[in-house]
Amino acid sequence: MGSLEGLLPVIVAGVIALFPAPEAGQHAWYFFAIFAGVIVADAGAAAGRGVGLIAWCWALLAPYVLFSPAELAKAVPSPPTPA
């Protein structure tokens, strides 16, 4: 069961992400799934490296999980137009 303990946070996050999203939106649901995976890793017997890996993945995926592509497109400033 040693290798399963390290995969448990990933499994929990994946299973939660597969459920239909509530009215808050799909991106908020993915964010919650990643958060739940980190909590399971922190509370369980997972090694510290696993929690660190999940935290890095969370930091790298946050822009894509927290915002829809339309919201990301609005965040990019457009180049100034010449007068």
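In segment 36-63, what residues are out of contact with any helix residue (DSSP H, G or I) (no Cβ under 8 Å at 6 or more places or on another chain) and modelled with pLDDT of 70 or more? Those that are out of contact with any helix residue (DSSP H, G or I) (no Cβ under 8 Å at 6 or more places or on another chain) and modelled with pLDDT of 70 or more: Ile39, Ala43, Gly52, Leu53, Trp56, Ala59, Leu60. Contact map, segment 13-26: residues that are closer than 19 Å to Ser68 by Cβ and of a type in the set (S, T, N, Q) paired with residues that are at pLDDT below 85 and loosely packed, with under 10 Cβ neighbours inside 10 Å, Cβ distance under 6 Å, separation 6+ or inter-chain. No pairs are found.
The values are calculated or read from the model by the stated rules, or taken from the named source; none is laboratory data. Predicted, not measured: the structure shown is a model, and the values here were computed from it. Because the Cβ atoms are built from the backbone with ideal geometry, glycine has one as well, and the counts that use them run over all protein chains shown.
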